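Visitor: Please find one structure pasted underneath; my questions will follow.
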Amino acid sequence: MTLQRAMTSPMVRRVGTLMGGTLAGQLAVFAVTPLLTRLYSPAAFSDFGLYMAISGIFSVLATLRLEAAVPIARTDTDAVGLTRLAIRSSVGVALIAAFFTALALHLGWFTSSANPWGLAVVVGVSVWLIGAFQALTALSIRRDEFGQIARAKTTQGMGLAAGQVILGLLSPSSLAFTAGDAGGRLAGLGQLLRGYRQAAEGTTFTSSARLLGVYREFPLYSMPAAGINALGSQAPILLLGLAFAPALAGLYVFANRLVAVPVGLIARTLSQVYLGEVGHVQARGGALQPVLTRYLLAALLAAGLGAGLVLLTAPWLVPWLFGEQWLAALPVLNALLLLAVIQVPASAVSQTLNATGHNRWQLAWDTGRLLAVVLAFVVAWQRGLDLAQTVWLYAGVSAACYAALIVAAYASLNRPGRPTPSPHEPLAQEEVP
């Protein structure tokens with residue numbers, strides 16, 4: 001493939017469009033970080049990390065993972081029905097998340113200076129909005145509306161940035177920090193809802209029971225796997241909050257926020273476009289290995305260049321941009337950057353196991369990673385490691401787990417799994433009023 005053909009390929013156009021919108025939104029969030037580090041204390045960052053951890057765990061459960069089935073649904077009617085069902089399920093999971101947060105804070109499972117009931121409400125709102133955004137984004141991916149997704153992500157990023165700054169100026173508290181994030185997630189939903197209404201025109205209502213029966217692999221295996229994966233990802237914030245003072249745990253939250261911007265930008269964008277292309281390739285009966293390799297190498301190149309640039313500039317950039325008090329986070333930041341070099345490629349192609357019908361493999365990997373991460377922290381506590389040493393141990397264990405995920409993705413291409421519903425396999429439709 002010549003360079004000209006590569007640059008004009010559908011993959012590059014889709015990635016470029018989606019990454020442009022995601023980049024604009026993430027840059028808005030990153031641009032206000034120097035203000036946030038001066039408005040909010042490290043302890044407030046620790047509370048924000050707790051909010052993000054709980055929201056992050058429940059938000060991946062909110063849609064029952066049905067949004068992963070939308071791009072590869074066999075009919076447009078199924079896709080719209082799955083989207084509708086995913087949004088409805090988000091409401092119920094959001095209520096459970098709010099109740100859990102209030103109960104956990106009341107029983108003293110976690111430490112937070114924020115009002116327990118206020119934080120619980122904010123968590124519930126965040127989970128609901130994240131779930132709805134995920135479901136609507138998946139439908140837009142199916143419809144190749146990457147420009148619409150890009151605009152929605154840009155709008156949402158600006159809303160997140162503005163909310164945290166405005167509330168911080170009014171009242172620089174932990175609750176303001178979290179509420180600004182949750183409220184900002186409303187931005188961008190309107191654009192995706194318009195696309196949903198257009199897709200729903202002319203389609204018939206489909207029984208939720210039928211959809212859950214046909215696509216049962218996703219709530220049965222993908223949802224638990226996603227929940228366990230989220231636990232593995234958020235475990236450091238929760239466990240560090242138990243082992244270290246809020247000011248120290250806040251250093252990790254700060255470093256993780258800096259790394260999460262490029263990691264989220266590259267991995268999420270490539271993963272969404274990758275899943276959409278996998279659906280098209282499967283519909284044509286084509287080979288998935290070239291697609292997997294192409295996206296894996298693109299993610300590895302982007303992650304390696306980005307991590308190297310930040311590693312070189314962080315010693316003078318961090319104190320200049322964010323203040324001298326955050327210089328202590330540099331060792332933690334370095335560990336997370338090196339982890340990102342393999343985390344981004346693995347995350348970009350992580351849907352391979354689900355798309356090839358190996359949902360159980362995904363569940364097994366997520367369970368193994370969670371156990372490995374928890375074991376790493378147990379070892380760190382037993383050996384009395386400090387914050388930086390603990391994070392380095394966690395990063396090394398996680399890197400090994402992500403390498404195993406890439407190996408499993410390639411192995412899944414050569415072993416038949418449970419057939420994934422395909423657009424060219426018709427199924428009798430059940431219509432309900």
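Visitor: Can you tell me how region 242-394 classifies by the Cα gyration tensor, rounded, prolate or oblate, using a/c under 1.5 as the rounded cut? Working shown, then result.
Guide: On the way: a/c = 3.12, a/b = 1.62, b/c = 1.92.
Taking the square roots of the gyration eigenvalues as a ≥ b ≥ c, region 242-394 is oblate.
Visitor: Please work out the FRET efficiency for the pair Leu193 and Leu309, using the Cβ-Cβ distance as r and a Förster radius of 35 Å; give the result to the nearest 0.05.
Guide: Here the calculated transfer efficiency is 0.40.
Visitor: Further question on the same structure: Taking 0.36 nm per intervening residue step and subtracting the Cα-Cα distance, what contour gain separates Ala243 from Thr204 on full extension?
Guide: 8.7 nm is the gain from fully extending Ala243 to Thr204.
Visitor: Nearest 10 degrees is fine. How inclined is helix 42-62 to the longest principal axis of the chain, computing both from alpha carbons?
Guide: Approximately 20 degrees, to the nearest 10.
Visitor: With r defined as the distance between the Cβ atoms of Gln382 and Leu220 and R0 fixed at 30 Å, what FRET efficiency is calculated, to the nearest 0.05?
Guide: The computed FRET efficiency comes out at 0.25.
Visitor: Can you compute 3J(HN,Hα) from phi for each residue in region 370-386, using the Karplus curve 6.51 cos²θ - 1.76 cosθ + 1.60 with θ = phi - 60°, rounded to whole Hz and x for Gly and Pro?
Guide: 4, 5, 5, 5, 4, 4, 4, 6, 4, 4, 4, 5, 5, 8, x, 5, 7
Visitor: Oh, and also: Among Tyr215, Tyr51, Ala162, pick out the residue whose Cα is farthest towards the positive end of the charge dipole of the chain, where Lys and Arg carry +1 and Asp and Glu carry -1 on C-beta, about the Cα centre.
Guide: Result: Tyr215, furthest along the dipole toward the positive end.
Visitor: Right, something else. For region 12-214, what does the alpha-carbon gyration tensor say about shape, rounded, prolate or oblate, given a ≥ b ≥ c as the root eigenvalues, a/c under 1.5 as rounded, and a/b over b/c as prolate?
Guide: Since a/c reaches 1.5 but b/c is at least a/b, the shape of region 12-214 is classed as oblate.
Visitor: Turning to a different aspect of this structure: Hey, how many Å between the Cα centroid of region 253-331 and the Cα centroid of region 195-235?
Guide: Between the Cα centres of region 253-331 and region 195-235 lies a distance of 26 Å.
Visitor: Determine the calculated [θ] at 222 nm for the chain from helices alone, applying -39500 (n - 2.57) to every DSSP H run no shorter than 4 residues and normalising by the residue count; nearest 500 deg cm²/dmol.
Guide: Helix-only estimate at 222 nm: -27000 deg cm²/dmol.
Visitor: Further question: What does the net charge come to around Val60 if you take all other residues with beta carbon closer than 11 Å to its beta carbon, with K and R at +1 and D and E at -1? Could you put the intermediate results ahead of the total?
Guide: Working: positive: Arg65; negative: Glu67, Asp366.
Surrounding charge for Val60 is -1.
Visitor: Quick check for me: using +1 on Lys/Arg Cβ and -1 on Asp/Glu Cβ, what's the dipole size of region 216-414 about its Cα centre, in debye to the nearest 20? Walk me through the numbers on the way to the answer.
Guide: Working: 8 positive and 5 negative charges, 67 e Å.
Once rounded to the nearest 20, the dipole reads 320 debye.
Visitor: May I pose another question? What spacing in nm lies between the two simple spin-label points modelled at His106 and Arg38, each 7 Å away from Cα in the Cβ direction?
Guide: 4.1 nm
Visitor: Within region 304-328, what residues put their amide N at less than 20 Å from the label point 7 Å along the Cα-to-Cβ vector of Ala31?
Guide: Counting backbone N atoms under 20 Å from the label point, the list is 318, 320-323.
Visitor: Same structure, new question: Taking θ = phi - 60°, what integer Hz values does the Karplus form 6.51 cos²θ - 1.76 cosθ + 1.60 yield along region 63-79, in sequence order, with x for Gly and Pro?
Guide: 8, 6, 6, 5, 5, 6, 8, 4, x, 10, 4, 6, 9, 5, 4, 4, 4
Visitor: Moving on to the next point. State to the nearest 20 debye the size of the charge dipole of the chain about its Cα centre, where the only charges are +1 on K and R beta carbons and -1 on D and E beta carbons.
Guide: About 560 debye.
Visitor: Something else now. Take Ser59, Ser89, Ser208, Ser171 and order them by how many other Cβ atoms sit within 10 Å, fewest up front.
Guide: Fewest-to-most Cβ neighbours within 10 Å comes out as Ser171, Ser208, Ser89, Ser59.
Taken together, the values in this text are just the output of simple stated rules run on the coordinates, not laboratory data. Here the structure is a predicted model, which is why all the values come from computation and not from measurement. Positions of Cβ are generated from backbone atoms using ideal geometry, with glycine treated the same way; all protein chains shown enter the neighbour counts.
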